[in-house]
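The values are calculated or read from the model by the stated rules, or taken from the named source; none is laboratory data. The shown structure was predicted, so the numbers you read here are calculated from the model rather than taken from an experiment. In this analysis, Cβ positions are derived from the backbone assuming ideal geometry, glycine residues included, and neighbour counts consider all displayed protein chains.
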Amino acid sequence: MASLPQFLFDTHKRYKADTNRVAEWLAETSQRCGLKLETQPSESRPSGRLKGKARKEARNATRPSSTASSLRHLITVKGFLDMAQFIVQQKPSIPVPSAILGLLRSAINLRRRCSNWFLNNSSREDKLRESTQKHSYFIGVLENVLQILESNTEPSIIPQNNVSDLVGKLNLGPTSPAPAEQHDNPYDVLFLDDESVSKPASSLEPDVALQSPQTVPPPAKVTYEMETTDEEIYFGIYCFFDDLNRLREFLIDLWSRYHRGSCDLITTAVVTNSAFELIHRAEKDLAASFPKNDTFQKTAGLLYSVMCILRGEGPDHREREGDVVNFKMWDVADWLFLPVHSLLQSFLPVIQAGHVPVAKPGHFGVYNPRVDRSKLSIREQFKEDMIILVESLPDFFLFTQVTRQFPVADEFLDGLRVMFTKKTVSTWVTFAAQVYLDIHHVLRQDIGRGFTELQTSGVQAISTLTEYFATSKVWTNWPSSNEERVKYIHTFADFWIVNDPVAPILRKSGRQLPDLPTPEPHALFRRNPLLAGLFQFQLYLLLQESGIIVATAWGSILYVAHLYEACRQGGYLNRVWLDMELIMDIHTRESIFAGRVPTTPEEALKSTSLMLGASAVTFAKNTRLPKMKLSRAGPKGITPNSPVTNLLRGRYSGDANTQLTLETVEGLFEDRAVASLTTNSQIRTELTVLRQQWTKSHKLTVLQLLETLRDATAAEQSMLRLDYFSLHQRCLAILRKLRTVLDEKFCQYFGPDWIENETQLAFIVPYIFMVASGSAKAAEELKLRDGVHSLMLKRASEVVEEFIAREGAVECQKLAKMREIQQWPGAIDGRG
């Protein structure tokens, strides 16, 4: 698992970037003004005195070199003050970029937030003063530097039209800033680009023109960093867990939206799963920054022990009351996820070779989801969590034992699989388990709703595919791999969704352990709507991909769409076909009609024929109603127009190497730009601000990325869930009916062999347009004022209108029943 991409910022990474950027500006500016810095390369600062070879290498590193080099210099806390004072004393005065002041305010706010947390969660003033003295001193130094530099501030380059408020809403969630933070949002720095930190005037550059070229060494590329103080580890750990708690609030809100029906299951599950993946990466970043603190015990445990000292508690910071672990400082323990970590840790000894862990219902008590959790004591709430998690973990374990390749990228299950194998509990898995419990807290007695939705989707998919197999025909140009792909969807839905995948394992274990109780079928799915949502997403990904391939191969949906539009343009059809309008909105009319929508039979003929892959000779002059001649390029078809779904397809279809890149984030924003057409003005403004931030800095916080993913995924649900197989079957039915109704006329125009087999059903549409186009040309040659109506197009319209009256909104009604249908942009174009 890679670390977070460079364009994603967690709090500590952002703080380091801010302070280092300020250090760089101070150092370069003061040196241009003539100040000689007493800095050291960061590699030359190990603990203890340097000796021998190490001392020689450090000394050589500070000497000028005849070749270009790269040095990293550390700047002390006091050095910040000295450089700031030196810069403001220069005449003429040196303007300080507002970007630098913004970075300083961001760093101060973050350090102050950490200091306030320690202050608010401590009780022993003597220990608190001792532990926070250095931390407060450092904040004071930064504040002094800010005050010194503010006197030389240049006009702000950052737009002030409520950007702070909007960015705060996009990132900080319900957390209220401290009073000193009201006018400065720490996330504003993400709006800055490199050009916003201007360099000092060129007149401050040292005059090197008089020096001999031979004596001027190539300039070394120097990076300046803030020195790492002793308390930095506590600040880094605080930032990490503060990020986790903010993310936890976001996910609780996300599942609350799902519970209220304002967010669909797939969006909720995919965003939650993505959050786990990002936290997994962030934990690796924390371990890279502090290699000696690479476990949960060395991060959360360390910070908890410090807080115990500050509150006057002994080293034994928890005690047991019966089956329940009682933490002496529950508020801090919960903030650090210690209770859920202790539950996971207690399960590890149960895992033994050749043994299937079993949770006996009621062993720790009975969980009643109808109880109002807010009215329970902390101890009662913890017991609830213990029952939920301890009874779920055996089901998770059994799922990890399924021998068939697991078809869904479930981060939490993968993390538990590693936990069961290595018997270690990582921080990110602990966080994921806490979110799993939070989902139960939000949904309570509705926890099984996700499984119900999944089963409904699975049964519907099998029904659709069964009907498809009963009527589909395989022909020469249809690869067997395509048909096998469709069959796999049926197997996938049957094995994983309709039937219980764990049942075979339990039957095998039951022969060895006759006392093994019979569990509830689909026990884990019923308890885990996150897993249900990921399986539902995978099911719809498979259906969409294969459904579009099938419909494109037959030409069914695409060319019936051409016929429908031609009937409306000709004035023969008054009814609106809601399902087809949705298709044209999703895939765009430009794509379906190879440009603009045709308005005449002749334009319709050319458009349809070119989409079918017709050769140019089809439209040669003096060609009288020829049979279709296909080009070697082959026909064109409908293609997926779901940018976010396409981005996620690789990640959730078994490609573990799928990476989050700048291009994928750019795709998210492009899709949101389309989706925002249907949102209210406030949301459009927020999206605009976020887009401006991305364009200017190409940086996002983890929460911003997840919010972007949430909104973009939700906007594509109607695209993802549309039943292409079913609509393909309906369009084939229309084409078959047209073949029967118009067969006599087609034989007159094209001969008895005008169609060879059903795979050429789509040719009916251009044949209709050929006849209609011929009638229009005849009317033009005869100079008939009112033209000539096409009897064939009129008869085709009657067939289409009859179908629309009977089942023209079946697919839209399916989407509405799923409670996922959204008002798509420009629906129906106001027609009807």
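Would you check which residues across the stretch 692-747 are in a helix (DSSP H, G or I), farther than 18 Å from Leu582 by Cβ and among the basic types (Lys, Arg) and list them?
From the stretch 692-747, those in a helix (DSSP H, G or I) are 692-697, 702-715, 717-721, 724-747; that's our starting set.
Remaining after also requiring farther than 18 Å from Leu582 by Cβ: 692-697, 702-713, 732-733, 735-747.
Answer for the stretch 692-747, where residues must be in a helix (DSSP H, G or I), farther than 18 Å from Leu582 by Cβ and among the basic types (Lys, Arg): Lys696, Arg710, Arg736, Lys737, Arg739, Lys745.
For the stretch 550-588, filtering for residues that are surrounded by fewer than 18 Cβ atoms within 10 Å (Cβ to Cβ) and either over 16 Å from Gly808 (Cβ atoms) or in contact with a strand residue (DSSP E or B) (Cβ under 7 Å, 6 or more places away or on another chain) (or both) leaves 3. Answer yes or no as to whether Phe525 is surrounded by 22 or more Cβ atoms within 10 Å (Cβ to Cβ) and at pLDDT below 95. For Phe525, the condition - surrounded by 22 or more Cβ atoms within 10 Å (Cβ to Cβ) and at pLDDT below 95 - is met. For Met329, state whether it is at pLDDT 90 or above, buried (at least 20 other Cβ atoms within 10 Å of the Cβ) and more than 30 Å from the chain's Cα centre (by Cα). So Met329 fails the test. Looking across Thr466, Thr491, Thr456, one residue alone is surrounded by fewer than 17 Cβ atoms within 10 Å (Cβ to Cβ) and in contact with a helix residue (DSSP H, G or I) (Cβ under 8 Å, 6 or more places away or on another chain). It is Thr466.
When each of Gly510, Gly547, Gly555, Gly533 is tested for being over 28 Å from Arg589 (Cα atoms), modelled with pLDDT of 85 or more and not basic (Lys, Arg), the lone residue that passes is Gly533. The number of residues in the stretch 355-369 that are touching a residue at least 12 places away in the same chain (Cβ under 8 Å), surrounded by fewer than 11 Cβ atoms within 10 Å (Cβ to Cβ) and at positive phi comes to 0.
Do we find that Thr424 is farther than 16 Å from Phe535 by Cβ and in a loop (DSSP other than H, G, I, E, B) in this structure? Yes, satisfied.
Listed here are the residues, each with its yes/no results for (1) modelled with pLDDT of 85 or more; (2) within 38 Å of the chain's Cα centre (by Cα); (3) outside any helix (DSSP H, G or I).
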{"residue": "Arg21", "(1), (2), (3)": "yes, yes, no"}
{"residue": "Ala27", "(1), (2), (3)": "yes, no, no"}
{"residue": "Ser30", "(1), (2), (3)": "yes, no, no"}
{"residue": "Gly48", "(1), (2), (3)": "no, no, yes"}
{"residue": "Arg55", "(1), (2), (3)": "no, no, no"}
{"residue": "Asn60", "(1), (2), (3)": "no, no, no"}
{"residue": "Leu74", "(1), (2), (3)": "no, yes, yes"}
{"residue": "Leu81", "(1), (2), (3)": "yes, no, no"}
{"residue": "Ser93", "(1), (2), (3)": "yes, no, yes"}
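Hey, among Arg417, Arg370, Arg379, which residue is in contact with a strand residue (DSSP E or B) (Cβ under 9 Å, 6 or more places away or on another chain) and either over 21 Å from Phe250 (Cα atoms) or not in a loop (DSSP other than H, G, I, E, B) (or both)? Before the answer, list the steps.
Working: Arg417 fails: in contact with a strand residue (DSSP E or B) (Cβ under 9 Å, 6 or more places away or on another chain); Arg370 fails: in contact with a strand residue (DSSP E or B) (Cβ under 9 Å, 6 or more places away or on another chain).
Selected residue: Arg379, the only one of Arg417, Arg370, Arg379 that is in contact with a strand residue (DSSP E or B) (Cβ under 9 Å, 6 or more places away or on another chain) and either over 21 Å from Phe250 (Cα atoms) or not in a loop (DSSP other than H, G, I, E, B) (or both).
Close Cβ contacts (under 8 Å, 6 or more residues apart or on different chains) running from residues in the stretch 330-350 that are more than 15 Å from Thr427 (Cα to Cα) to residues that are among the hydroxyl-bearing types (Ser, Thr, Tyr) comprise Val332/Tyr304.
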